[in-house]
Protein chains: 2
Amino acid sequence: MNTNTSPLTQKLSAFVALAEAELAVLEQLHQRRRTFEAGRDLVHQGQSEQAAYILAAGWVVSYKLQPDGSRQIVDFQIPGDFLGLRSVLLHTSDHGIEPIVDIEAAEVLVSDLLQAFAETPRLATAILWAVSRDEAMVVEHLVGLGRRDADARMAHFLLELGVRLSLVGMGSKKGYACPLTQYHLADALGLSAIHVNRVLRKLREDELVTFRDGFVTFNNYEGLVKLADFDPAYLDQKRPILA
Amino acid sequence: MNTNTSPLTQKLSAFVALAEAELAVLEQLHQRRRTFEAGRDLVHQGQSEQAAYILAAGWVVSYKLQPDGSRQIVDFQIPGDFLGLRSVLLHTSDHGIEPIVDIEAAEVLVSDLLQAFAETPRLATAILWAVSRDEAMVVEHLVGLGRRDADARMAHFLLELGVRLSLVGMGSKKGYACPLTQYHLADALGLSAIHVNRVLRKLREDELVTFRDGFVTFNNYEGLVKLADFDPAYLDQKRPILA
């Protein structure tokens, strides 16, 4: 893999025009590559002194354990996203992180971040942008939770993933490959698996979107945007702010 | 006001032991002080090219406008918090920001941040910590929304505010001054004003907490923690990580 076009580099390029110096520092951050198996936690909730990771390939789920032992999915991470950046900065991880498929990720310690930031403050600002964008997504989910019905919630979710994936070259307005199961969707959207099944069938029959055999296909992108009342401004990937 | 003990300095000290160099840079960031009147938006949702602010005194509410024109409160900011840091990094603000009382805040531009980070990467990491902590709070609210009943939600909210305020010397396990109205509480917790009134009366009658005349008084802190199932680990303010 060429780090110059790593997913993180592609993503941060939406915020800052990266110079040679910054690209070199990003390459440094990708040095300690590791692979992790699907289904085995990278980070346990409550674990301390763990590393953060930059996801290079594969999909990951972040979740909170409930007092009754059930899992509440907070979000999914895709290539270019940080895994557990919050966890490495906070004393103990406030959530668990599990690969959905086999993944490739680069280990990053707080000392690596300090060194990278010392070499290029623009990169620090770019990473602050990425974290702010992650927060904007959680806020959007929070506000949407009570407001959207099941159809709109599913539509919004599939559209948001598509926009995020397109930033790292893994999706378009036609669709994208997606390894999530109906159980993941149910957990993330607060619906039962049966309800998810029914909503997906309805969206397919209305010729808006089809999720089948690991692929999300947008049949009518604008129609889906209208149903979800989807405004992608919070994903903020139109053009770099810092030239 | 001595910036060496500004609320932001006090807050960041929970993450990083600040040296003279960092204290000086923090002082620089506080240069452009301004006051803002209660009730007049600092930042409008959808506004672009605005500044960020460091709140030095007073309380602020962050909200999202709904398509039907109603407001959904996302969070409250207290002294030491950034206002609109996400907004200054994203192209357009994804939320509005309104002072609840007259406030004092220092204006911060992206160029100020770049300069500060260039001078001290430790400060960049500390601010990344603060943003991560803000995100952890939103995640906690998201996960809690469906899980806690009205009593537990109110208890959790009042406890979280108390822990945040204690970090900047404005609260303790005895209580704190609080300018929020029952309408703020209702909006933030997704309850009606009448329901808020009923919940507060019940918590007072159970001798757990009293919110009256602008003061929150914890009558039985441990009892309230138990009711809310409150674990403050996500607020992460036990001791600095970076020595």
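Here are the numbers for this structure:
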item: Filter result for B:Leu189 (touching a Lys or Arg at 6+ places or on another chain (Cβ under 6 Å) and surrounded by 19 or more Cβ atoms within 10 Å (Cβ to Cβ)); result: yes
item: Subset of the stretch B:132-155 [more than 7 Å from chain A (Cβ to nearest Cβ) and acidic (Asp, Glu)]; result: B:Glu140, B:Asp149, B:Asp151
item: Residues (among the small types (Gly, Ala, Ser) and under 18 Å from the mean Cα position of the chain (by Cα)) located in the stretch A:52-86; result: A:Ala52, A:Ala56, A:Ala57, A:Gly58, A:Ser62, A:Gly80, A:Gly84
item: Hey, A:Val16 surrounded by 14 or more Cβ atoms within 10 Å (Cβ to Cβ) and either at pLDDT 85 or above or closer than 30 Å to B:Ala152 by Cβ (or both) or not; result: no
item: Residues (of a type in the set (Val, Ile, Thr) and within 9 Å of chain A (Cβ to nearest Cβ)) located in the stretch B:107-119; result: B:Val110
item: Test: A:Val74 is more than 13 Å from chain B (Cβ to nearest Cβ) and hydrophobic (A, V, I, L, M, F, W, C); result: no
item: Options A:Ala124, A:Ala106, A:Ala116: the member that is within 25 Å of A:Arg34 (Cα to Cα), surrounded by 18 or more Cβ atoms within 10 Å (Cβ to Cβ), out of contact with any Phe, Trp or Tyr (no Cβ under 9 Å at 6 or more places or on another chain) and among the small types (Gly, Ala, Ser); result: A:Ala116
item: Criterion: surrounded by 14 or more Cβ atoms within 10 Å (Cβ to Cβ) and more than 20 Å from B:Val225 (Cα to Cα) - qualifying residue of B:Val163, B:Val168; result: B:Val168
item: Residues of the stretch B:192-231 satisfying the condition of being surrounded by 15 or more Cβ atoms within 10 Å (Cβ to Cβ) and either in contact with a Cys (Cβ under 6 Å, 6 or more places away or on another chain) or among the β-branched types (Val, Ile, Thr) (or both); result: B:Val196, B:Val199, B:Val209, B:Thr210, B:Val216, B:Val225
item: Conditions (1) surrounded by fewer than 18 Cβ atoms within 10 Å (Cβ to Cβ); (2) free of Cβ contacts under 8 Å to residues at least 60 places away in the same chain; number of the one not met by A:Gly39; result: (2)
item: Given (1) in contact (Cβ under 8 Å) with a residue 60 or more places away in the chain; (2) within 14 Å of chain A (Cβ to nearest Cβ), number of the condition B:Leu165 does not satisfy; result: (2)
item: Selection count, the stretch B:129-140, where residues are touching a helix residue (DSSP H, G or I) at 6+ places or on another chain (Cβ under 6 Å) and within 18 Å of A:Val139 (Cβ to Cβ); result: 7
item: Meets criteria (within 14 Å of another protein chain (Cβ to nearest Cβ), farther than 26 Å from A:Ala14 by Cα and among the β-branched types (Val, Ile, Thr)) for B:Val25; result: yes
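For (1) more than 27 Å from A:Gly171 (Cβ to Cβ); (2) touching a residue at least 60 places away in the same chain (Cβ under 8 Å); (3) touching a Cys at 6+ places or on another chain (Cβ under 9 Å), each residue gets a yes or a no:
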{"residue": "A:Ser62", "(1), (2), (3)": "no, no, no"}
{"residue": "A:Gly69", "(1), (2), (3)": "yes, no, no"}
{"residue": "A:Gly84", "(1), (2), (3)": "no, no, no"}
{"residue": "A:Ile103", "(1), (2), (3)": "no, yes, no"}
{"residue": "A:Ser111", "(1), (2), (3)": "yes, no, no"}
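The values are calculated or read from the model by the stated rules, or taken from the named source; none is laboratory data. Bear in mind that the values here come from a model prediction, so they are computed numbers and not experimental data. Glycine also receives a Cβ, built like all others from the backbone with ideal geometry; neighbour counts cover every protein chain displayed.
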